[in-house]
Amino acid sequence: MTRALARRVAALLLHPATAIVGLALAVALAEAFGWNFAVTLATRAAILALAALSLSFVIGQGGMVSFGHAAPFGIGAYAVLIAGEYGIREVSLLLPLAFLAAAAFAVPTGALALRTRGVYFIMITLAFAQMAYFVFAALSAFGGDDGMGLAGRATFAGARFLRSDGNLAWLSVGLLAAAAWVLHRVVAARFGFVLRAARDDEARVSALGFSVYRTRLVAYALGAGIAGLAGALLAEQTAFVSPALMNWHRSGELIVMVVLGGSGRLAGAVLGAIAVVLVEEFLGGVTEYWKLGLGLLILAVVMSRAIDLRALLARIAR
Amino acid sequence: MTAPILRLDDLCKHYGALPVTDHVSLEVGRHEIHAVIGPNGAGKSTLVGEIAGSIVPDHGRVLIDGEDVTGESVAARARRGLARVFQTSRVIKDFSTLDNALLAAIATDGTAFRFLTPVAGETATRERARAALDRVGLADRGDVLAGRLAHGEKRALELAMGLVQAPRLLLLDEPMAGTGREETERLTELLASLAGEVAMLIVEHDMATVFRLADRITVLIGGAVAICGTPAEIRADPTVRSAYLGEGAP
Ligand SMILES: Nc1ncnc2c1ncn2[C@@H]1O[C@H](COP(=O)(O)OP(=O)(O)OP(=O)(O)O)[C@@H](O)[C@H]1O
Ligand SMILES: [Mg+2]
């Protein structure tokens, strides 16, 4: 009896929608009590969850293990910086711009990368991300290696709406929820159906007459575009953009979030991202070796023979 | 005069020094069932691959409907009305049986680029998928994961996926391989019922099936066409009899 109830509660708690609602609640509470620190943390979690969600779509649904997802993420951030330098500070322009810039990077690089498979695909996506890293590190007009601060936070419909950390938090959580909803729809629609089928057996799907290459490329660009949105939000939050955003560490961290969340489950990445952000925040404060803690978390997940964090928590709940 | 649905024009393919397709020319008429038989390693699957577009020939042309498609992709040829049943079953293992048929039904509509309408809501397409399953005797297996189907059922599912595409040419590479006697007979009757409706090129070792279905038979030995003719001609040919069919041939 109690066991069944515990399992029910665990299932509810671990539902991806719950994670997003939880973030929203955290923001509401933190705002009500004036805990600025918690607002910042929840915003960061929502932003990284958005990036991880987009990578989960690419890896889990598309079967494309990209080790360069930090590139579109960083490009979204640079889109905000560069547009800002040219006087564009309107968030309703900046976000589409960041999306398009990141997707525009993904189309030619993805077109080449998708000619390869397996380990080669992993390596070539990494290589493209490193190229992006060095290109932006060389842009001295935009801070070069050191990066550069934004002139100020963006406006919304002309108003200084995003000056408030709380409003930025709501925007981040809102975009995360919207992206989760859209991707959920896409996965259930033809596009996601064909994408998943091609992940399982490419030859079968092309023999049916679908262009697997084009389908994957569109998915790859869509994932990149959403990562660009996350990068733009992070630029707004920290008011600072540097090539470090595109570091391969970050690509790896995003993969860890996806794997922790269970790569087959689209929105699991949200939970994975929240876990990583929390570990980073609390262990990062205690010790420089916080990554050890992250490593232990991953080990715990793997050792428990649960394939992901959700399954691990469900097991503990049982 | 209408062009044959398929024409192979002096097709050649080597793997190293080994000729696997050796100057093969053949035609499949619009309503013809054309069987390709030959010993193991004769190059039958390679020929099917060259027709479907997954294997590029060294030389020669493939024409569908009179149009040269030698340079076209697998997907482009499929959109011209080519459907393929692979020698080793290729179904989407993680999809249900119905979803596999649905995938093929969607392919006929031509586009994967529909982003927001749930597949579950595409009732007309789903009905077509269901009808195809019904036709091959899998009506009550729709909810089972395709990876869990028995071998014969997988073959039947592949056939359903081929049928639901309403192809103009069905390429069948040993569709009966590994299926039981009863199932083979059932699938053979099913294919026979499609005669005249869709052209077929069928590679098959089961001679009862071949002689029941084929309008014409091509015998492939060492990559080359040894003989091509009606079942009666093939049966009567002494060299084929000794080289391939053996004494017990029907
Ligand atoms: N990719 C390849 N590389 C090298 N040799 C190959 C390759 N594919 C096939 N072969 C060889 O080509 C020959 C023809 O193979 P194919 O699969 O077309 O024969 P088949 O007539 O379909 O045989 P079976 O009746 O066993 O299915 C065989 O000798 C095979 O070993
Ligand atoms: Mg073969």
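The table that follows gives values for the structure above.
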item	result
Heavy-atom accessible area, 1.4 Å probe, ligands and nucleic acids excluded: residues of region A:183-220 down by at least 50 Å² from chain alone	A:Arg185, A:Arg190, A:Phe191, A:Phe193, A:Asp200, A:Asp201, A:Arg204, A:Ala207, A:Leu208, A:Gly209, A:Phe210
Carbon/sulfur fraction of accessible area - the protein assembly as shown, other protein chains in place, 1.4 Å, %	61 percent
Heavy-atom accessible area ranking, 1.4 Å probe, most first, across A:Glu281, B:Glu182	B:Glu182, A:Glu281
Proximal aspartates and glutamates relative to B:Lys44, as straight alpha-carbon distance under 12 Å, when same-chain residues fewer than 8 apart are discounted	B:Asp22, B:Asp173, B:Glu174, B:Glu204
Net lengthening on full extension, B:Ser193/B:Ala120 (0.36 nm per residue, minus Cα-Cα)	23.2 nm
1.4 Å probe, heavy atoms, protein only - residues of region B:54-96 losing at least 20 Å² accessible area vs chain alone	B:Val74, B:Ala75, B:Ala78, B:Arg79, B:Arg84, B:Phe86, B:Arg90, B:Ile92, B:Asp94, B:Phe95
Sequence-separation-based contact order of region A:18-317, relative, with Cα cut under 8 Å and 6+ spacing, percent	33 percent
For the protein assembly as shown, accessible area per residue (1.4 Å probe, heavy atoms of protein chains only), Å²	43 Å²
Value of [θ]222 nm, deg cm²/dmol, for chain A, DSSP H segments ≥ 4, -39500 (n - 2.57) each, nearest 500	-24500 deg cm²/dmol
List B:Met207, B:Met200, ordered by accessible area with a 1.4 Å probe, largest first	B:Met207, B:Met200
Cut-off 11 Å, label 7 Å out along Cα→Cβ of B:Asp65, residues of region B:158-187 by amide N	B:168-169
Estimated buried accessible area (total), pair A and B, 1.4 Å, Å² to nearest 100	2700 Å²
Distance-filtered residues of region A:218-240 - backbone nitrogen under 18 Å, label point 7 angstrom along A:Asn36 Cα→Cβ	A:236-240
Normalised per residue, the volume of the convex hull around the Cα set of the protein assembly as shown (Å³)	200 Å³
Per principal axis, descending, Cα span of region A:18-317 in whole Å	55, 48, 35
Rg to Rh quotient for region A:66-147, alpha carbon positions, Kirkwood Rh	1.03
Counting DSSP beta bridges with both ends in chain B, the antiparallel % (nearest 5)	55 percent
Listed residues A:Gly34, A:Leu55, A:Phe193: farthest to the positive end of the dipole of region A:18-317 (Cβ charges)	A:Phe193
Top of B:Leu220, B:Leu190, B:Leu169 by mean-square fluctuation, Gaussian network on chain B, Cα under 10 Å	B:Leu190
FRET efficiency estimate (nearest 0.05) - Cβ-Cβ, B:Arg235 to B:Phe113, R0 56 angstrom	0.65
Contact order normalised by residue count of chain B, Cα under 8 Å, 6+ apart, percent	27 percent
Extension reserve of the A:Val119-A:Tyr86 stretch, reckoned as 0.36 nm per residue once the Cα distance is removed	7.9 nm
Debye, to nearest 20: dipole size of chain A, +1 on Lys, Arg Cβ, -1 on Asp, Glu Cβ	1240 debye
Euclidean distance of C-alpha centroids, region B:152-188 and region A:195-245, integer Å	36 Å
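The values are calculated or read from the model by the stated rules, or taken from the named source; none is laboratory data. Fair warning: this is a prediction, and the values are worked out from it, not measured in the lab. Quick reminder, even Gly has a Cβ in these numbers, built from the backbone with ideal geometry, and neighbours come from all protein chains shown. Side chains included, ligands, DNA and RNA excluded: accessible areas come from the protein's heavy atoms. Shrake-Rupley method; radii C 1.70, N 1.55, O 1.52, S 1.80 Å.
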